[in-house]
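Just so it is clear, none of the values below were taken in a lab; they were calculated from the coordinates. Computed from a predicted structure; not experimentally measured. Cβ coordinates were reconstructed from backbone atoms using ideal geometry, including for glycine residues, and neighbour counts include every protein chain displayed.
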Amino acid sequence: MSSSRTRFAPSPTGYFHVGGARTALFSWLYARQHGGTFVLRLEDTDRERSTQASIDIILEGMSWLGLDWDEGPIYQSQNLPDHVAKAAQLLATGAAYRCYATPAESGAAREAAKAAGNPSWKYTGPDCVIALDEQARRAAQGAPSVVRFRVPRSTGPVQFRDLVYGDQAIDPNELDDFVLLRTDGSPLYMLSVVCDDLLSQISHVIRGQDHLSNTPKQVLLYQALGAPVPQFAHLPLIMAAGGEKMSKRKHGDAVSVTTYRDRGVLPAAMVNFIALLGWSPASEGETREIFTRAELIERFNLERINRSNAKFTFDQHDARKWTDPKAQAINAEYVRTTPLDELLPHLRPVLLAAGLWQDEFDGAQRDWFRATLELIRERFWTLLDFADQGRAYLSDEFPYDPKAVQKNLLKEPRLAALLPQLADRVAGLTAYSADTVEEALRALAEESGVGAGALINGLRTAVTGQAVGPGAFVLCEAVGRERVVARLRGAPAVMASAGA
RNA sequence: GGCCCCAUAGUCCAGUGGUUAGGACGCGGGCCUUUCAAGCCUGAGGCACGGGUUCAAUUCCCGUUGGGGCUACCA
């Protein structure tokens, strides 16, 4: 089956939609599984809205997701001459005809029919709106015309099998004699997709279900062109929480792939999550939901794609719910478990951007750095957490979370005196380790009569600026004696400035 | 409006003509702990409705309702 050829054909008119990303992923998975070819095509023929910036965003997004293409990017605009030629061919064979009715006239006919109780009126033939002789007169005057496809209406329903939605049979009378070429001679989408897919010899058209209703027209076009009809597989749509189609304008950044990269999501996590939207790898009682790219390629199949739309739940006004909670959970899983060697290439840019990267992390401090990452990532959710929650572990410049200071330092005023005392004891330890720090702290707690818990939490906040994190003593090991001592000594100042 | 598609917890997915209808996320409770957006245990929560077919329907058929898509000289 090395002849499988799939494509992803977005129109570069803005951001890279997560729904598009899933369509791209499924097409890519199919091609990879079958040793086929994955083609990237940019449908840039909407000159008003297509931009280079958008093209770049899509290309970057695809690369980020690891969806490499074998051919392309093909620019639809460059194939326009072919589309026009194909229209000419259809005209020549009689499968299409010139139509001199104006948009206003056909629109009026539609309205009139509707008013007369025929809501499903279609443009069904050359003379259905303007008499042929009148059209001939206009032609003689050199009036503008469009090219319409002549829908075959006497050969029964248009049939095709959708690999997801099953057998389809559409009454051709539900189809307009749709326009192929505009008045200015430029091709319309319906013609262009077919021509481009033909040009690329696409064997499996995998795309959103929003194209299902237009597929009969395309099937007719393939047939009129004497070309083989590809296999179709339409994917259920991904809707916003409210049930409507997701758009960045209405639903914000969670709709855009770029956002996920910028918010510290790992591409493998994104791919994993998105793969599970509308498809299931379930087999022999499989309940696992974390899959590597290789596993996805191995298990993917069009047969297990379901037919109902999925909903993306998120709340753009709630920071915790910036995207679907399950997407976040899957990403957390990846952040916590991806082998460091794989994680680092994604983490390094984040640390660099935050001014936290040190070349020693790759040299003298390598072991410490890696051990520290392992320690702190245990409860991280995104790559960005390394740069904020993890900041105090990698740098001496870090902020104190006001709530943590309030809860763990200010509530126990005696800490202002005790923490520096603890610093002295820690400084004097013969051996520095989580255990010895703990001993020292518990001894101080006992002697001073302050609860060990208060001291422990005070230590955590004084050393990391946070209220949560790894165990307070192991944390001290990661941060190092020198820094721990210095930060404990600085605690009174932190308390004073926060209390003031 | 017309045509087409869809319907298992709040969400994403499994599943079956007879099941205690399963998993994940989220949510509640408990345990652990110095903390928790960590870990472990545990709980609540679902087959949209109405007709059929059948000994038996969540499952098959029809309808209703609900949701979605398409319906351009946009892509």
Residues A:Glu295 and A:Ala143, FRET efficiency given R0 of 60 Å [Cβ-Cβ distance, rounded to 0.05]
0.50
Amide H of A:Tyr75: which non-local residues (sequence gap of 5 or more, or other chain) have their own amide H closer than 5 Å, using H built in the peptide plane?
A:Leu42
At R0 = 51 Å, how high is the FRET efficiency between A:Ala104 and A:Glu286 if r is their beta carbon distance? Nearest 0.05 is fine.
0.30
Computed, not fitted: 222 nm per-residue ellipticity of chain A from DSSP H runs ≥ 4 (each -39500 (n - 2.57)), nearest 500, equal to -14000 deg cm²/dmol
Cα gyration tensor of region A:399-500, axes a ≥ b ≥ c as square roots of the eigenvalues: rounded (a/c below 1.5), prolate (a/b > b/c) or oblate?
prolate
Estimated inter-spin distance, A:Ala493 and A:Val468, nm [label 7 Å along Cα→Cβ]
2.9 nm
Taking the Cβ of A:Ser433 as the centre, find all other residues whose Cβ is under 10 Å away and add up their charges (Lys, Arg: +1; Asp, Glu: -1).
-3
Taking the Cα centre of each part, how many Å lie between region A:366-398 and region A:1-70?
35 Å
Radius, Kirkwood style, for chain A when every pair of distinct Cα atoms is counted (Å):
27.2 Å
Could you pull out the pairs from A:Lys245/A:Lys321; A:Lys245/A:Lys326; A:Lys122/A:Lys245; A:Lys114/A:Lys245; A:Lys122/A:Lys217; A:Lys122/A:Lys248 whose alpha carbons sit more than 25 Å apart here?
A:Lys122/A:Lys245; A:Lys114/A:Lys245; A:Lys122/A:Lys248
With the contact rule set at Cα under 8 Å and sequence spacing of 6 or more, what percent relative contact order holds for region A:208-316?
35 percent
Would you work out the Kirkwood radius for region A:78-191? I mean one over the mean of 1/r across all pairs of different Cα atoms, in Å.
15.5 Å
Can you tell me which of A:198-210, A:261-273 comes out highest on packing, and rank the rest after it, using the mean Cβ neighbours within 10 Å?
A:261-273, A:198-210
How many angstrom separate the Cα center of region A:465-486 from the Cα center of region A:271-316?
40 Å
Taking region A:9-82, which trypsin sites (Lys or Arg not before Pro) meet the DSSP loop condition and have no more than 16 other C-beta atoms within 10 Å?
A:Arg47, A:Arg49
Can you give me the orientation-averaged projected area of the convex hull built on the Cα atoms of region A:127-254, in nm²?
11.2 nm²
Modelling each spin label as a point 7 Å along the Cα-to-Cβ direction, I'd like the A:Asp318/A:Leu344 distance in nm, to one decimal.
3.9 nm
Between A:Lys326 and A:Lys407, 0.36 nm times their residue separation minus their Cα-Cα distance comes to what?
26.1 nm
Extended-chain gain in nm, criterion 0.36 nm per residue less alpha-carbon gap, A:Gln78 and A:Asp210
45.0 nm
Between 0 and 90°, nearest 10: helix A:52-65 axis offset from chain A longest Cα axis
60 degrees
So for region A:1-115, Kirkwood radius off the Cα pairs, Stokes-Einstein at 10 °C and 1.306 mPa s: how many µm² s⁻¹?
95 µm²/s
Just want to confirm a number: the relative contact order over chain A, from Cα pairs under 8 angstrom separated by 6+ residues, in percent.
12 percent
Give me the extension gain from A:Met239 to A:Glu446: residue separation times 0.36 nm, minus the current Cα-Cα distance, reported in nm with one decimal.
68.7 nm
Run the numbers on region A:253-340 and let me know its relative contact order in percent, using alpha-carbon pairs under 8 Å that are six or more apart.
36 percent
If you build the Cα gyration tensor of region A:340-395 and take the root of 5 times each eigenvalue, what three semi-axes come out, in whole angstrom, biggest first?
15, 12, 11
Just need log10 I(q)/I(0) for region A:320-359 at q = 0.19, 0.33 Å⁻¹, Debye formula, equal scatterers on the alpha-carbon atoms, no solvent, rounded to two decimals.
-0.68, -0.97
